[in-house]
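A short worksheet on the structure shown next.
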Amino acid sequence: MKRATLHALSLLVASALGLSAGLSWSADSLQDVMKKRGLSQQDLLAAAKTYVPTGKRDEFLAFSSGGHSGQVIVYGIPSMRILKYIGVFTPEPWQGYGYDEESKAVLKGGWINGKELTWGDSHHPALSETKGNYDGQFLFINDKANPRIAVIDLRDFETKQIIANPVFMSEHGGAFVTSNTEYVIEASQYAAPLDKKFVPLEEFNDKYRGGMSFWKFDRKKGRIDMGKSFSFELPPYSQDLSDAGKGPSDGWAFTNSFCSERYVGGIERGRPPFEAGCSAKDTDYMHVLNWKIGEKLVAQGKAKTINGHKVIPMNVAITAGALFLIPEPKSPHGVDVTPDGKFIVVSGKLDTHVSVYGWDKIQAAIKARRFEGKDAYGIPILGMRDTLYTQVQVGLGPLHTQFDSEKCVAYTSLYVDSQVAKWDYCKGKVLDKISIHYNIGHLMTMEGDSASPKGHYLVALNKLAIDRFNPVGPLHPQNHQLIDIGNDKMQLIYDMPIGLGEPHYAVAIAADKLKPGIRYKLGTNSRTDSKHPGAVRGGEEKTVKKGKKVTVYGTLIRSHITPEIIDNVNVGDEVTIYLTNLERAQDETHGFTVGGFNIHASVEPGKTVTLKFKADREGVFPYYCTEFCSALHLEMQGYMLVKPKGWKAGKMAKAEAKVYTKADYEKQHKTNLDTQAVIDSVVAYITSVNYKDFPDVVALVDDAFDQLSKTKDVKIKMDAAVKAQDWQNATLWAGQWWQYQVKAADIGLRAKTYLEQHHAKKVK
Ligand code: CUK
Ligand code: CUA
């Protein structure tokens with residue numbers, strides 16, 4: 001151990017003095033590499049377009065649905081480097097999501113009927129908008145299987161809220177937001193009785209219903225306000241995707257449907273299957289709803305209450321002029337409002353066209369009450385001929401549409417053709433096509449569903465990868481392909497395997513719109529954004545025992561957990577551990593677990609978490625920090641001792657004999673003085689340059705001095721031991737002094753390296 005410390009110190013000294021091993025550059029030329037790896041000019045161009053050199057960052061950030069994983073995947077564009085998985089509907093151990101009490105409470109918001117759900121079929125992420133543009137504040141995502149919506153705060157990329165839809169049994173048309181994120185939209189998918197009661201399928205047409213929910217978003221609180229939310233009752237037509245109007249169509253929302261036949265299946269009874277019965281007609285219906293009128297109807301008390309939730313009955317919405325239908329061809333999937341809000345693009349899966357409806361035409365028909373009839377529920381139907389602006393033949397199996405920064409230019413995914421079509425919706429013609437691999441579902445351009453798309457790149461979210469990647473068994477990776485759309489011809493530039501399925505939709509935002517924090521205010525419950533009652537500051541740590549309840553108010557800081565011993569627990573006690581991370585430094589997260597109790601916390605700087613469990617068996621339970629946070633990370637440990645019933649302290653052997661001598665103390669003391677010399681040299685360098693011009697370095701310097709400041713108290717204890725000739729404690733306290741020095745030196749050197757790499761200038 002002593003040798004290891006000396007080695008570490010000599011490394012510190014060497015690097016402080018700027019000594020390093022001689023650099024040897026590879027002699028490969030670009031031509032050599034191309035030849036060796038079989039790369040073409042085209043490959044090289046693609047590489048140059050996507051490669052993000054070390055230390056550089058991506059221009060856009062994508063938030064992809066994690067599909068069945070119930071998570072959100074964050075990656076950079078154009079590098080396609082994965083940055084984070086955000087735990088949303090599914091516990092995520094690294095982030096302690098679902099293993100500490102705060103995040104368990106978030107997940108519990110999404111329980112249905114008291115049933116814990118640990119997965120979700122997440123489909124559509126949506127970024128919060130202001131005037132139709134992404135504002136970088138919040139992200140929403142839906143769960144199709146268990147009709148739910150989640151709210152993620154982009155200040156810390158944490159899930160803050162999950163709500164379960166009280167009237168749907170499944171959903172799909174969420175999450176989509178209105179232009180100023182007044183509401184988060186969620187449309188049902190498979191129809192069912194809204195009160196969630198049993199009704200035989202024979203009464204499908206009368207009693208089964210679809211719907212569209214408008215979840216009121218309280219931006220200030222960053223939470224959905226369920227009490228101020230409402231839904232429209234809709235016919236049992238299998239509503240599918242939705243979108244909100246913008247600009248001239250603001251206040252309206254659209255959702256399409258794929259089984260307006262109202263077919264109920266029964267293949268095992270000799271009936272044709274759903275797929276035949278649900279695609280029999282040539283058209284289905286796009287629903288056109290006015291949520292601003294909906295708001296008023298609720299305020300006027302015209303909504304019914306079902307399962308504690310306000311639902312506007314169809315006849316009420318019809319009378320108020322808030323609900324219309326428009327025929328759309330055939331089994332459509334996507335419905336996408338153009339950036340200017342003037343057109344609505346619908347793709348019929350079983351049609352080769354995209355249909356572009358004109359908002360002015362729809363409005364004119366509504367105004368003139370020009371209806372071609374009513375459906376079985378009395379909803380006025382606008383004529384297709386009256387509302388259609390144009391139809392463009394784009395190819396087989398059109399699904400979803402996104403928009404370019406160039407006016408009138410759209411991209412539509414072609415599932416059956418395995419292609420992306422670039423087309424012009426003003427002129428009604430196809431401009432270009434590119435093949436993808438394979439069977440594309442959604443596609444995404446940069447900010448491509450907002451009022452001002454940014455162009456540059458398109459990502460194809462493909463359903464099948466087939467032969468694209470190294471085989472990893474019958475279940476293949478998902479394939480996101482990056483396409484350069486900066487020129488007239490689209491160019492495929494990157495294949496990105498994703499080992500989590502199945503991502504449906506993704507949204508991408510200019511990276512500079514995001515301003516996530518790097519630390520919490522000390523003692524924050526990150527899931528409620530409020531002061532945590534279990535938070536303590538350094539020096540205030542305590543363990544309280546009341547009856548069968550043991551409560552620990554602990555802290556974490558490099559490199560120790562306070563307390564290090566919890567020894568007042570008896571079998572059967574309920575243990576609550578509050579932990580506050582006292583760090584202010586960037587990226588200094590500590591983790592925490594006590595083995596065997598299925599608990600884990602990720603405690604980022606400033607955060608306070610709660611771990612709760614029953615000490616249901618006697619024994620010795622080590623606990624430790626689970627993040628490699630510092631050189632002495634492994635030593636960031638402790639013991640919880642759970643005593644059996646009736647255990648009494650008898651005569652115990654001394655745990656540790658006194659082993660250190662005066663010579664040990666003096667040796668350690670000398671090491672400390674040498675280390676201080678290293679630190680001084682680093683400090684001298686840092687203060688000799690304009691380090692204050694670099695906020696990152698200022699933060700490092702603050703952190704280093706913070707570590708060093710702790711040596712004062714330690715030195716007093718050491719001196720007292722020396723005075724008492726207690727060489728055991730004198731040596732250990734000297735060692736602790738050195739620990740703080742090493743941490744300070746580590747941070748100081750990081751600052752020095754940064755300054756050297758950024759060519760800091762000498763100051764006088
Ligand atoms: S859906 Cu999956 S490809 Cu849920 Cu938006 Cu179209
Ligand atoms: Cu803290 Cu490892």
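Structure notes:
- Hz values of 3J(HN,Hα) by residue in segment 238-254 - Karplus curve (6.51, -1.76, 1.60), Gly and Pro given as x: 6, 4, 10, 7, 10, 7, 9, x, 9, x, x, 9, 4, x, 10, 9, 10
- Three-way shape call for segment 264-371 based on the alpha-carbon gyration tensor, with the a/c threshold at 1.5: oblate
- Portion, in percent, of the accessible area of segment 662-757 that falls on carbon or sulfur, probe 1.4 Å: 57 percent
- Residue-averaged 222 nm ellipticity for the chain, from DSSP H runs of 4+ at -39500 (n - 2.57), nearest 500: -6500 deg cm²/dmol
- Taking segment 344-451 and dividing mean pair separation by its residue count, relative contact order in percent (alpha carbons under 8 Å, at least six apart): 22 percent
- Under a model in which nothing but the beta-carbon of Lys, Arg (+1) and Asp, Glu (-1) is charged, segment 524-643 shows a dipole of about 520 debye around its Cα centre.
- Charge context of VAL88, other residues only, Cβ under 11 angstrom, K/R +1, D/E -1: -1
- In segment 34-64, chymotrypsin sites (Phe, Trp or Tyr not before Pro) in a DSSP loop with at most 14 other beta-carbon atoms within 10 Å: TYR51
- Translational diffusion coefficient (Stokes-Einstein; Kirkwood radius from C-alpha pairs) of segment 535-670 at 20 °C, 1.002 mPa s, in µm²/s: 131 µm²/s
- Cα Rg, Dmax (largest Cα-Cα span) when computed across segment 206-307, Å: 16.9, 55
- For the chain, hydrophobic long helices are taken as DSSP H runs at least 15 Å long by C-alpha position along their axis with mean Kyte-Doolittle hydropathy of -1.0 or more; these are 2-16, 662-688, 695-709, 711-723, 727-757.
- Space enclosed by the convex hull of the alpha-carbon atoms of segment 458-555, per residue, Å³: 227 Å³
- Debye-sum result for segment 662-757 in log10 I(q)/I(0), which assumes one identical scatterer on each alpha carbon, at q = 0.11, 0.17, 0.18 Å⁻¹: -0.36, -0.71, -0.77
- Accessible solvent surface per residue of segment 263-413, calculated while the other protein chains remain in place, 1.4 angstrom probe, Å²: 42 Å²
- Accessible area per residue was computed with a 1.4 Å probe on protein heavy atoms; PHE138 scores about 10 Å².
- Each principal axis of the Cα cloud of segment 165-393 was taken in turn, and the coordinate range along them, longest first, works out to 54, 43, 31 Å.
- Cα-Cα pairs of the chain separated by more than 46 Å (percent): 35 percent
- Loop-located trypsin sites (Lys or Arg not before Pro) in segment 329-419 whose Cβ has at most 11 other Cβ within 10 Å (DSSP): ARG369
- The residues of segment 559-626 have, on average, 36 Å² of accessible surface per residue, using a 1.4 Å probe with all protein chains present.
- Each of CYS426, CYS259 has its accessible area taken with a 1.4 Å probe; listed largest first, they run CYS426, CYS259.
- Rounded percent of accessible protein surface that carbon and sulfur make up, segment 211-323, 1.4 Å probe: 53 percent
- Cysteines (scope the chain) whose Cβ has no counterpart Cys Cβ under 4.7 Å: CYS625, CYS629
- Among the GluC sites (Glu not before Pro) found in segment 370-479, those both in a DSSP coil and sparsely packed, with 16 or fewer other Cβ atoms within 10 Å of their Cβ, are GLU406.
- Dipole magnitude (debye, nearest 20) for the chain, charges at Cβ of Lys, Arg, Asp, Glu: 1960 debye
- For segment 596-736, relative contact order (Cα pairs under 8 Å, six or more residues apart, normalised by length) works out to 20 percent.
The values are calculated or read from the model by the stated rules, or taken from the named source; none is laboratory data. Predicted model, so just to flag it, every value in this text is computed and none were measured. Cβ coordinates were reconstructed from backbone atoms using ideal geometry, including for glycine residues, and neighbour counts include every protein chain displayed. With ligands, DNA and RNA removed, areas are computed over all heavy atoms of the protein, side chains included. Shrake-Rupley method; radii C 1.70, N 1.55, O 1.52, S 1.80 Å.
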